[in-house]
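Visitor: Here it is: the structure, laid out below.
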Amino acid sequence: MSFLKLVSRFVLLSTLLFALQACGGDDSDQRSAQTETEEPGLTEFELEHGIGPITERIEVDDEIDQELVTQGRNIYEMKCEMCHNMEGRMVGPELGNVMERRSAEFVMNFILNPSGMTNNHPVGQELLQEYMTSMPFQNVKEDEARAIVEFLRDYNQNN
Amino acid sequence: MKKQKTKTLRGLLLGGGFVAVAAFLFTGCPSQQGMMDTGDAAQKVYVAPGEHDEYYGFFSGGYSGQLSVWGLPSSRLLKVIPVFSQDPETGYGYSEETKPLFETSYGFIPWDDSHHPHISQTDGDADGRWIFINANNTPRIARIDLETFETKEILELPNTGGNHASSFVTSNTEYVIGGTRFSIPYETDLDVPIDSYSDEFRGALSFIAVDQETGMMDLDFQIVVPPYNYDLGRAGKGPSADWVFFTTYNTEEAHTMLEVNASRNDKDFIAAVNWRKAAELVEQGHGETISAEYYHNYYEGKQGYAINDVKDQVTILDTREIDDEFIYYLPTPKSPHGVDIDPTGEFIVGGGKLATVIPVHSFSNMLQAIEDGEIEEYIDGIPVLNYDATIAGEVENPGLGPLHTEFDGRGYAYTSVYISSEIVKWSLETFEVVDRIDAYYSIGHLMITGGDTVDPDAQYMIGLTKTAKDRYLPTGPKQNHPAQLYDISGDRMELLLDFPTIGEPHYAQAIRADKIVDQVAQIYEMEENDHPHALLRIADNRVEREGNTVHIYMGATRSHFRPDNIEGIKVGDTVYIHLTNLEQEWDVVHGVAIKGANNAEILPAPGQTKTLKWEPTRTGIYPFYCTAFCSALHQEMQGYIRVSAEDSDVDLAWRTGTN
């Protein structure tokens, strides 16, 4: 890239930044949050556990909570099974062993923020390229995503 | 067919030279255009891409039978809500869920003429819970909920011919009103000579109670009145909130050539009904129960099939039988069309379409006249009050053919004037015209944003006109009906936009968007899907046979159906495809259509289940596919159904995913 081009880019960029800031207001927080996720500069946590509402490690007991498993199974059967198999890939990846590949937080973030994950997370981007279908948000609440994780852990342990 | 170069000479549009000359003599020169500088006007209606309008406008479809939703001021069409007419685009009136909504005591009726949308109110102000709209031809009232923007209920009105004076609500939506435009014999299917009109025909004013929780309608009672034509109605406000007002014409009781025969009397009536007192009389047992067949169609749960509740009786109050006074006639010149109540509830404005003035009655004068016994005569037990005792003023020089009036809450009224095709603005203090502006062309109703409430916003006004003629690029002998958007925030009315609409936009209402935008649903939640044939567990997708009836429980998501290969259907079967859209993302819609089905598509919204009925008549392989462009792999979203001969032994089978 020529020096001239660099300079002109710099000028353009600073003008843009200025324009943005000049017109900004109380949405500046939102903008910076957006900038963070759009850039590859993800935090260690995000790289490991995904981007979304789960921002810190959650407690996962070694023992399986069977009540939670039942709840998770019901949601899975209503909202996930159209596209996922436990054994073998379908529209999306197989899920029988997903808990071996990903952390609980990662799976929850993928369920709760699928477009953020496929747009901004390297693993999500890779999966989108492989499967060519964006995973939709299925109106699953945070506690429900936790229940699905429990169901997937249970399946993984028993199969 | 004649090709005609139309100049915008108003005279040409008036349909008769005499009327044109009369209009000219009467109103003087056409008013100044009142069109603001084009740049200013453009800026006022400009809503940037991605930005939202300030108001929702709900325009009736007239002879389309539907209700269209517009963003104001940009005047962009947001949606057409199907109500009284079948809509192949959405499968409304074709799907098994919605077909029952069209059932009446006359059978399945696929069309009607929808005229007056009215938004539910609390304390005299629009609250945006529901919007009601009337069917004119086969008298009905529909309720549309403003969470899903879908028709949820339709109630038929018995003893009614042409439900035109409808579907206006009272101040707290206690009642929605209906009124018979054409008086008819009261008893069901009475076969009498037409010239027995005065003896056998009667008018009906209907009072439909509304459940405040659910919005469900119930025909509480009907008032039997003399056989005039009951044209329009409005509820009172504030001090007059216990009253509703209906215009009448044809007090001559003509039954032929009404154009001439119903225009003889100098005055007809505005009927003032104390609905609260009438309701009390009914409660106290003064009503009479008579037989009457009518349909009440509604959904019992959030989803599923509309049901038909067939009613067989109605309670009536006959003014000839009851001593208590609860209805009064206010003489009003001449064949009045609209009756409109100002935001304070004091002024009752008649649109005397053949009158040379706009008559304005005073509600407090009316109460005084009742107290003072200023009664000219009784007609079937109804006191006719003295005109001079109730009138507050007459607006002179309003133009030819004043029809409807709305108010800005700042002391001014705006009246549409049909024959001279204009809107006149006049003062409620002086009853003098202060401004006038042209309408393009032949204006019927007008509407002020936030109007017909105690607190109009009065930023914009919409004129709903009957012919477009040369206003847009020509599209054949019939043009779409236009509407005009005016700015009424200043002293003068100013024209901002002129745009074509759907059907005949007969009347409209507009509500501030922020009053309802947060309640609008983005999905049907799967957990709340109570459709009896919903696919709530994906693994339960299946095909079931009961004799010659086959039920297919199918799911749809981006980008496949489950099941998508089905065999064992036979010629002569009646097949129901119950398609559940398993998406939970806003605005992701799937549809299904199958080759040769004598039906429309179905188009379930996210989380919704819809049922398509199909009766295959030929053997073969029938492809079906998703009709909504849902994803990059939309073209892959397809399936096959094999139809075998009636006596074949192909087993019922279904599968997905294994080639």
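Visitor: Only one of (1) under 24 Å from B:Tyr92 (Cα atoms); (2) more than 14 Å from every other protein chain (Cβ to nearest Cβ); (3) in contact (Cβ under 8 Å) with a residue 12 or more places away in the chain fails for B:Phe561. Which number is that?
Guide: The one condition B:Phe561 does not meet is (2).
Visitor: May I pose another question? I'd like the full set of residues that are in a loop (DSSP other than H, G, I, E, B) and either within 30 Å of B:Glu528 (Cβ to Cβ) or in contact (Cβ under 8 Å) with a residue 60 or more places away in the chain (or both), limited to the range A:97-129. Give the derivation first.
Guide: Here is the first cut: in the range A:97-129, the ones in a loop (DSSP other than H, G, I, E, B) are A:97, A:102-103, A:113, A:121.
A:Asn113, A:His121 - these are the residues of the range A:97-129 that are in a loop (DSSP other than H, G, I, E, B) and either within 30 Å of B:Glu528 (Cβ to Cβ) or in contact (Cβ under 8 Å) with a residue 60 or more places away in the chain (or both).
Visitor: Hey, could you check the range A:72-91 for residues that are within 12 Å of chain B (Cβ to nearest Cβ), in contact (Cβ under 8 Å) with a residue 12 or more places away in the chain and in a helix (DSSP H, G or I) and say which is surrounded by the most Cβ atoms within 10 Å (Cβ to Cβ)?
Guide: Top of the filtered list is A:Lys79.
Visitor: Examine the range B:186-208 for a residue that is within 29 Å of B:Ser120 (Cβ to Cβ) and in a loop (DSSP other than H, G, I, E, B), and state whether such a residue exists.
Guide: no
Visitor: Moving on. Only strands (runs of 3 or more DSSP E) wholly contained in the range B:104-161 count here; list those with 2 or more residues that are under 22 Å from B:Gly91 (Cα atoms). Outline the logic, then answer.
Guide: Working: elements: B:118-122, B:125-135, B:140-145, B:150-156.
Strands (runs of 3 or more DSSP E) meeting the threshold: B:125-135, B:140-145, B:150-156.
Visitor: Next up: Can you pull out every residue in the range B:361-381 that is surrounded by fewer than 22 Cβ atoms within 10 Å (Cβ to Cβ) and either among the hydrophobic types (A, V, I, L, M, F, W, C) or touching a Cys at 6+ places or on another chain (Cβ under 9 Å) (or both)?
Guide: Within the range B:361-381, B:Leu367, B:Ile370, B:Ile375, B:Ile379 qualify.
Visitor: Can I ask one more? Filter the range A:108-159 for residues that are of a type in the set (Gly, Ala, Ser) and crowded, with 16+ Cβ neighbours inside 10 Å; which is farthest from the other protein chains (Cβ to nearest Cβ)?
Guide: Looking only at the range A:108-159, we keep the residues that are of a type in the set (Gly, Ala, Ser), and these are A:115-116, A:124, A:134, A:145, A:147.
Then drop every residue that is not crowded, with 16+ Cβ neighbours inside 10 Å, which leaves A:116, A:124, A:134, A:145, A:147.
Details: A:Gly116: 14, A:Gly124: 17, A:Ser134: 8, A:Ala145: 13, A:Ala147: 13 Å.
Result: A:Gly124.
Visitor: Take the conditions assigned to a loop (DSSP other than H, G, I, E, B), touching a residue at least 60 places away in the same chain (Cβ under 8 Å) and among the acidic types (Asp, Glu) and apply them to B:Glu429. Does it pass?
Guide: On the way: assigned to a loop (DSSP other than H, G, I, E, B): yes; touching a residue at least 60 places away in the same chain (Cβ under 8 Å): no; among the acidic types (Asp, Glu): yes.
Considered against the rule, which asks whether it is assigned to a loop (DSSP other than H, G, I, E, B), touching a residue at least 60 places away in the same chain (Cβ under 8 Å) and among the acidic types (Asp, Glu), B:Glu429 comes out as no.
Visitor: Yes or no: the range B:545-556 includes at least one residue that is touching a Leu at 6+ places or on another chain (Cβ under 8 Å), assigned to a strand (DSSP E or B) and farther than 18 Å from B:Ile594 by Cα. Break it down into steps so the answer makes sense when it comes.
Guide: We begin by selecting, within the range B:545-556, every residue touching a Leu at 6+ places or on another chain (Cβ under 8 Å); these are B:545, B:550, B:553-556.
Those still in the list that are assigned to a strand (DSSP E or B) too: B:545, B:550, B:553-556.
Retained after the next criterion (residues that are farther than 18 Å from B:Ile594 by Cα): B:545.
Yes, the range B:545-556 contains a residue that is touching a Leu at 6+ places or on another chain (Cβ under 8 Å), assigned to a strand (DSSP E or B) and farther than 18 Å from B:Ile594 by Cα.
Visitor: Let me ask something else about it. Considering only the range B:39-72, state which residues are of a type in the set (Ser, Thr, Tyr) and within 10 Å of B:Pro117 (Cβ to Cβ). Steps first, answer last, please.
Guide: Of all residues in the range B:39-72, those of a type in the set (Ser, Thr, Tyr) come to B:46, B:55-56, B:60, B:63-64, B:68.
The answer is B:Ser60, B:Ser68.
Visitor: Within the range B:114-123, can one find any residue that is in contact with a strand residue (DSSP E or B) (Cβ under 6 Å, 6 or more places away or on another chain) and acidic (Asp, Glu)?
Guide: First, pick out the residues of the range B:114-123 that are in contact with a strand residue (DSSP E or B) (Cβ under 6 Å, 6 or more places away or on another chain): B:114-121.
Filter again for acidic (Asp, Glu), leaving none.
Looking for residues that are in contact with a strand residue (DSSP E or B) (Cβ under 6 Å, 6 or more places away or on another chain) and acidic (Asp, Glu), one finds none in the range B:114-123, hence no.
Visitor: List every residue pair whose Cβ atoms lie under 8 Å apart, where the two residues are 6 or more positions apart in sequence or sit on different chains, the first residue falls within the range B:535-555 and is within 23 Å of B:Gly607 (Cβ to Cβ) and within 14 Å of chain A (Cβ to nearest Cβ), and the second residue, located anywhere, is surrounded by 20 or more Cβ atoms within 10 Å (Cβ to Cβ) and among the small types (Gly, Ala, Ser).
Guide: B:Leu535/B:Gly555; B:Ile538/B:Gly555; B:Asn541/B:Gly555
Visitor: Which condition number in (1) of a type in the set (D, E, K, R); (2) closer than 29 Å to B:Glu528 by Cα; (3) more than 14 Å from every other protein chain (Cβ to nearest Cβ); (4) part of a loop (DSSP other than H, G, I, E, B) is the one that A:Glu94 fails?
Guide: (3) is the only condition that A:Glu94 fails.
Visitor: I've got another one for you. Of the residues that sit in the range B:387-414 and are surrounded by fewer than 17 Cβ atoms within 10 Å (Cβ to Cβ) and not acidic (Asp, Glu), which one is farthest from B:Val454 (Cα to Cα)?
Guide: B:Asn397
Visitor: Could you list all residues from the range B:130-152 that are surrounded by fewer than 22 Cβ atoms within 10 Å (Cβ to Cβ), over 17 Å from B:Trp111 (Cβ atoms) and not β-branched (Val, Ile, Thr)?
Guide: If the condition is that a residue be surrounded by fewer than 22 Cβ atoms within 10 Å (Cβ to Cβ), over 17 Å from B:Trp111 (Cβ atoms) and not β-branched (Val, Ile, Thr), then B:Asp145, B:Glu147, B:Phe149, B:Glu150, B:Lys152 are the ones that fit.
Visitor: Consider B:Ser420 against the criteria (1) surrounded by fewer than 23 Cβ atoms within 10 Å (Cβ to Cβ); (2) part of a loop (DSSP other than H, G, I, E, B): it satisfies all of them except one. Which criterion is unmet?
Guide: (1)
Visitor: Same structure, new question: Whether any residue in the range A:47-58 is within 25 Å of B:Glu525 (Cβ to Cβ) and within 14 Å of another protein chain (Cβ to nearest Cβ) is what I want to check.
Guide: No; the residues of the range A:47-58 include none that is within 25 Å of B:Glu525 (Cβ to Cβ) and within 14 Å of another protein chain (Cβ to nearest Cβ).
Visitor: Do we find a residue being under 27 Å from B:Ala521 (Cα atoms) and either of a type outside the set (Lys, Arg) or in contact (Cβ under 8 Å) with a residue 40 or more places away in the chain (or both) anywhere in the range B:105-114?
Guide: Yes, some residue in the range B:105-114 is under 27 Å from B:Ala521 (Cα atoms) and either of a type outside the set (Lys, Arg) or in contact (Cβ under 8 Å) with a residue 40 or more places away in the chain (or both).
Visitor: Could you tell me which of the residues B:Val517, B:Val543 is in contact with a strand residue (DSSP E or B) (Cβ under 6 Å, 6 or more places away or on another chain), over 20 Å from B:Gln66 (Cα atoms) and surrounded by fewer than 22 Cβ atoms within 10 Å (Cβ to Cβ)? Break it down into steps so the answer makes sense when it comes.
Guide: Details: B:Val517 fails: in contact with a strand residue (DSSP E or B) (Cβ under 6 Å, 6 or more places away or on another chain).
From the options B:Val517, B:Val543, the qualifying one is B:Val543.
Visitor: Limited to the range B:615-626, what total is found for residues that are out of contact with any Phe, Trp or Tyr (no Cβ under 8 Å at 6 or more places or on another chain) and either in a strand (DSSP E or B) or within 14 Å of chain A (Cβ to nearest Cβ) (or both)? It would help to see each step written out before you state the result.
Guide: Of all residues in the range B:615-626, those out of contact with any Phe, Trp or Tyr (no Cβ under 8 Å at 6 or more places or on another chain) come to B:615, B:617-620, B:625.
If we keep only those that are either in a strand (DSSP E or B) or within 14 Å of chain A (Cβ to nearest Cβ) (or both) too, we end up with B:620, B:625.
Number satisfying all stated conditions: 2.
Visitor: Mind checking which residues of the range B:221-254 are of a type outside the set (A, V, I, L, M, F, W, C) and more than 28 Å from B:Gln313 (Cα to Cα)? If you could, list the steps in order and put the result at the bottom.
Guide: Keep residues of the range B:221-254 that are of a type outside the set (A, V, I, L, M, F, W, C), which gives B:222, B:226-231, B:233-234, B:236-240, B:242, B:247-253.
Matches in the range B:221-254: B:Gly236, B:Lys237, B:Gly238, B:Pro239, B:Ser240, B:Tyr249, B:Asn250, B:Thr251, B:Glu252.
Visitor: Next question, about the same structure. Out of the range B:627-659, which residues are under 20 Å from B:His590 (Cβ atoms), assigned to a loop (DSSP other than H, G, I, E, B) and either in contact with a helix residue (DSSP H, G or I) (Cβ under 6 Å, 6 or more places away or on another chain) or away from chain A (no Cβ under 14 Å) (or both)? Outline the logic, then answer.
Guide: Of all residues in the range B:627-659, those under 20 Å from B:His590 (Cβ atoms) come to B:627-641, B:654-657.
Applying the additional criterion that residues be assigned to a loop (DSSP other than H, G, I, E, B) yields B:627-633, B:637, B:656-657.
Within the range B:627-659, B:Thr627, B:Ala628, B:Phe629 meet the criteria.
Visitor: Would you point out the residue of the range B:513-534, among those that are facing another protein chain (nearest Cβ under 9 Å) and hydrophobic (A, V, I, L, M, F, W, C), that is farthest from B:Ser74 (Cα to Cα)?
Guide: Across the range B:513-534, the extreme among qualifying residues is B:Met526.
Visitor: Give the range B:570-610 a look and list any residue that's away from chain A (no Cβ under 14 Å), within 30 Å of A:Met135 (Cβ to Cβ) and either basic (Lys, Arg) or part of a strand (DSSP E or B) (or both), or say none.
Guide: The answer is B:Ile577, B:His578, B:Val592, B:Ala593, B:Ile594, B:Ile602, B:Lys610.
All of the numbers you see were taken from the coordinates with simple rules; none came from a lab. None of the values given here were measured: they were computed from a predicted structure. Methodologically, a virtual Cβ is constructed for each residue, glycine included, from the backbone with ideal geometry; neighbour enumeration extends over all protein chains shown.
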